[in-house]
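Below is one structure, written out as structure tokens, with a few remarks after it.
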Amino acid sequence: MYMSPYWLNEAEKASSAFGLLQKDVFQHWQDLVLEHGNHPGTPYGDANQRIIWLKEKQKWGSLNLLLCDDSSIENWAAYQASYFKRRWTVRGQVDPDDMKFAEYLGIEAREMLALINGSAFWQLVESHLKEFPLEPSDVVPSSDFENWIEEVRWRIRVLKRLCNPRWWLRRARAEKSRLIEEMKRLFGHVHASREIYLSSLSFEYWKKRQSANLKTLQETEIENDLGQRFTLAELFYKSNSNPAIRRIEMMTRIAGTEKLAKSLGYKATFITITAPSAFHPYSYRKSKKGRKFSFKNKRYEGFTVREAQQYLAGRWAVIRAELHRNEIDYFGIRVVEPHHDGCPHWHLLLFSDTAGLSSIEQVITEKSLNLYAGEPGAQKRRVKVERIKEGLNPKTGKEYSAVGYIAKYISKAIDGRGIEKDLFDNDAATSAQRIRAWASIHGIRQFQFLGGIKATWWRELRRFAGRFMSFDESGKLAFDERAAFMYARDCRPELMHLIAAIRDMEVEADASVAYCDLAIKIRSGELQLKTLTTAHGHEYADKRTGEITRFDQWARLNQYGELQPTVKGLWFLSGRSGCAESVITHEHEWHVLPGRKKHTDLEMWH
């Protein structure tokens with residue numbers, strides 16, 4: 001089709017306002033002109049309107065996200081923080097009672113008065129945030145307040161973030177990366193036939209950011225009160241931040257969950273929930289001859305990845321409320337992964353009794369389809385339910401396992417271990433990296449256990465159990481009964497019940513068995529646990545020195561001047577003895593040594 005040189009020149013000029021996406025915008029304009037060529041009227045109108053719309057889209061408040069580098073964002077963030085600092089003031093005398101109350105809240109009296117008496121000030125805050133657009137609850141999540149004091153504290157938390165340039169810097173960086181990715185999806189770059197799950201530009205940015213973060217970890221040392229030093233990189237590889245360790249723990253927990261279900265006589269179902277067609281920019285098909293291809297979805301309504309995730313989360317909230325009203329007991333795991341075009345979908349592995357499982361399947365199917373119910377193929381594609389079989393699989397000779405259904409999705413979303421190719425014949429390890437990058441850029445939580453033991457409890461109990469492990473005469477790791485007895489005798493005899501509960505955690509060849517046993521004790525009420533943090537005013541006596549330390553002495557303030565609770569151990573209540581006791585799993589205080597270097601975002605997008 002012939003294109004007017006005048007409009008081509010004008011479009012090229014307009015595209016220059018989009019920075020690193022300049023070529024993509026110009027090509028997108030030409031594609032729209034070609035698409036409109038077969039329709040009546042000028043072919044340039046819709047394409048020109050799209051350019052105008054994209055120019056507005058790239059603005060976040062007063063910041064042009066596509067034309068700014070990291071130093072520009074830093075300067076802008078500093079200005080935004082100073083804007084709120086200048087306005088968070090009040091003149092005049094401060095009442096003594098207000099002074100006492102402000103001290104109780106941990107803020108300056110003038111700041112409190114500006115919040116309590118200055119309704120116009122809070123309206124100014126809300127009005128300014130709408131330019132982005134944001135709500136105060138987007139800065140700090142809120143719920144129904146029990147009293148006005150809680151609301152004042154929440155408002156103060158919001159303002160402390162708005163007065164901090166680092167909060168604005170992180171938020172602007174996230175908005176920029178998401179904007180670039182959503183524009184790439186809009187231009188038709190993200191699908192199975194081109195760049196799967198996310199754009200190559202965003203993937204390369206994520207890898208550079210990961211490398212910079214790793215370099216920072218390697219250059220940052222921490223030291224404890226015993227003088228032991230480690231780099232953060234050394235601790236990273238030993239922690240759940242390491243993808244390999246995270247995958248192993250996930251598989252252990254889900255295998256333990258399946259063992260728990262079998263001990264209760266529960267069955268399993270595997271359910272996949274997909275967003276409506278309006279959330280998918282591209283579709284994917286396989287021809288009769290075996291050819292796989294992607295094509296534009298005409299029903300796509302321009303929804304972003306995060307909006308699709310919010311839709312699915314909203315459906316799950318309705319489902320969960322219905323199951324709670326019907327008093328259905330269930331537990332399991334949820335895995336989120338992207339379709340080839342970046343739109344998320346959910347996999348749910350749920351356990352319940354026979355009647356409960358039927359109700360769960362019915363409720364999920366009904367609630368997932370009551371929106372966009374009339375779209376073609378909704379019944380077939382939006383919800384897939386597969387009841388996990390029982391008995392022996394005649395093909396493998398092994399027992400059917402629910403873990404087998406979810407294992408490949410967990411591995412595919414972490415490191416691709418045990419999988420050669422993904423669904424689209426791509427290398428599984430590379431696809432796993434792209435999926436992790438996709439989740440990171442869009443801020444999506446990939447895994448969530450529903451019910452069962454909290455991850456913190458499991459990790460802290462294993463840490464506690466590790467105190468009593470030693471190598472026996474044959475060189476095998478074994479539980480040291482004498483060390484455990486001496487610990488309980490010197491500290492608190494009531495701890496023997498907890499020690500008995502965790503005895504096999506580090507010894508059991510299959511850790512999922514220990515996970516199952518622990519879950520049974522917690523479900524039966526035989527063992528009740530609660531996380532112990534530095535926010536508790538608890539006293540700890542050092543066994544070696546006898547020194548008494550209050551936990552709130554260990555507490556640190558975050559960058560917003562707020563108490564930052566950190567895990568120190570567990571509270572537990574034995575159902576047999578009825579005694580409430582605490583177990584300290586983090587006895588040492590750590591601090592970062594000076595010398596950390598700063599890595600900026602200057603070259604990340606190039």
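How about the stretch 170-209: which of its residues are more than 23 Å from Asn426 (Cα to Cα) and buried (at least 20 other Cβ atoms within 10 Å of the Cβ)?
Residues satisfying the conditions are Ala172, Lys176, Ser177, Ile180, Met183.
Of the residues that make up the stretch 143-157, is at least one over 28 Å from Leu66 (Cα atoms) and either within 21 Å of the chain's Cα centre (by Cα) or modelled with pLDDT of 95 or more (or both)?
Checked against the condition, which is being over 28 Å from Leu66 (Cα atoms) and either within 21 Å of the chain's Cα centre (by Cα) or modelled with pLDDT of 95 or more (or both), the stretch 143-157 yields at least one hit.
Just need a number here: residues in the stretch 1-34 that are of a type in the set (Ser, Thr, Tyr), at pLDDT 90 or above and either over 15 Å from Trp53 (Cα atoms) or open to solvent by 50 Å² or more (accessible area, probe 1.4 Å) (or both).
1
Check off (1) outside any loop (DSSP other than H, G, I, E, B); (2) crowded, with 20+ Cβ neighbours inside 10 Å for Ala321 and give me the number that stays unchecked.
Unmet for Ala321, out of (1) outside any loop (DSSP other than H, G, I, E, B); (2) crowded, with 20+ Cβ neighbours inside 10 Å: (2).
Yes or no: Ile388 in the same structural domain as Arg253 (by the TED database), open to solvent by less than 30 Å² (accessible area, probe 1.4 Å) and within 23 Å of Phe279 (Cβ to Cβ)?
So Ile388 does not fit the description; no.
Of all residues in the stretch 272-296 being of a type in the set (A, V, I, L, M, F, W, C) and touching a strand residue (DSSP E or B) at 6+ places or on another chain (Cβ under 7 Å), which is most open to solvent (accessible area, probe 1.4 Å)?
Only one residue fits best here, namely Phe295.
Do we have any residue at all in the stretch 224-237 that's buried (at least 16 other Cβ atoms within 10 Å of the Cβ), at pLDDT 90 or above and charged (D, E, K, R)?
No, the stretch 224-237 contains no residue that is buried (at least 16 other Cβ atoms within 10 Å of the Cβ), at pLDDT 90 or above and charged (D, E, K, R).
Please find, within the stretch 218-254, the residue that is farthest from the chain's Cα centre (by Cα) out of those that are farther than 30 Å from Ala402 by Cα and acidic (Asp, Glu).
Here the residue is Asp225.
Inside the stretch 291-313, can you point out the residues that are modelled with pLDDT under 95 and part of a helix (DSSP H, G or I)?
Residues satisfying the conditions do not exist here.
Look at Ser294 and say whether it is closer than 19 Å to Glu182 by Cα and in the same structural domain as Pro376 (by the TED database).
Against the criterion (closer than 19 Å to Glu182 by Cα and in the same structural domain as Pro376 (by the TED database)), Ser294 qualifies.
Modelled with pLDDT under 55, open to solvent by 40 Å² or more (accessible area, probe 1.4 Å), in a strand (DSSP E or B) and touching a helix residue (DSSP H, G or I) at 6+ places or on another chain (Cβ under 9 Å) - does that describe any residue in the stretch 550-561?
No; the residues of the stretch 550-561 include none that is modelled with pLDDT under 55, open to solvent by 40 Å² or more (accessible area, probe 1.4 Å), in a strand (DSSP E or B) and touching a helix residue (DSSP H, G or I) at 6+ places or on another chain (Cβ under 9 Å).
Within the stretch 447-480, track down each residue that is farther than 25 Å from Ser524 by Cβ and either open to solvent by less than 30 Å² (accessible area, probe 1.4 Å) or outside any loop (DSSP other than H, G, I, E, B) (or both).
Phe447, Gly466, Arg467, Met469, Ser470, Phe471, Leu477, Ala478
So which residues in the stretch 275-295 are without any contact (Cβ under 8 Å) to a residue 24 or more places away in the chain and farther than 13 Å from Arg194 by Cα?
The answer is Arg285, Lys286, Ser287, Lys288, Lys289, Gly290, Arg291.
Ala437 - would you say it is within 30 Å of Glu175 (Cα to Cα) and in contact with a Leu (Cβ under 8 Å, 6 or more places away or on another chain)?
yes
Could you say whether any residue in the stretch 502-511 is closer than 28 Å to Arg253 by Cα, modelled with pLDDT of 80 or more and in a loop (DSSP other than H, G, I, E, B)?
no
For the list (1) at pLDDT 90 or above; (2) over 30 Å from Leu349 (Cα atoms), I need the number of the one condition that Leu495 fails.
So Leu495 meets the others, but not (1).
Report, by residue number, each residue of the stretch 18-37 that is assigned to a helix (DSSP H, G or I), touching a residue at least 24 places away in the same chain (Cβ under 8 Å) and over 14 Å from Met183 (Cα atoms).
Across the stretch 18-37, the qualifying residues are Gln30, Asp31, Val33, Leu34.
Within the set of pairs 6+ apart or on separate chains, which have a first residue in the stretch 441-454 that is closer than 17 Å to Ala514 by Cα and modelled with pLDDT under 90, a second that is open to solvent by 30 Å² or more (accessible area, probe 1.4 Å) and part of a helix (DSSP H, G or I), and C-beta atoms under 8 Å apart?
Ile453/Ile522
Of the numbered conditions (1) at positive phi; (2) surrounded by fewer than 17 Cβ atoms within 10 Å (Cβ to Cβ), Lys380 satisfies every one except a single condition; which is it?
All conditions are met except number (1).
Could you grab me the full set of residues in the stretch 348-382 that are touching an Asp or Glu at 6+ places or on another chain (Cβ under 7 Å) and in a strand (DSSP E or B)?
Ser352
Suppose we filter Tyr400, Tyr405 for residues that are open to solvent by 30 Å² or more (accessible area, probe 1.4 Å) and under 30 Å from Ser241 (Cβ atoms); which single one remains?
Tyr405
Quick one: in the stretch 512-539, of everything that is among the β-branched types (Val, Ile, Thr) and outside any helix (DSSP H, G or I), which residue is modelled with the highest pLDDT?
Applying the filter and picking the extreme gives Thr531.
The values are calculated or read from the model by the stated rules, or taken from the named source; none is laboratory data. Just so we're clear, the structure is a prediction, and the values are computed from it rather than from any experiment. Neighbour counts are summed over all protein chains in view; Cβ atoms, including those assigned to glycine, are modelled from backbone coordinates with ideal geometry. Surface accessibility is based on the protein's heavy atoms, side chains included, excluding ligands, DNA and RNA. Shrake-Rupley method; radii C 1.70, N 1.55, O 1.52, S 1.80 Å.
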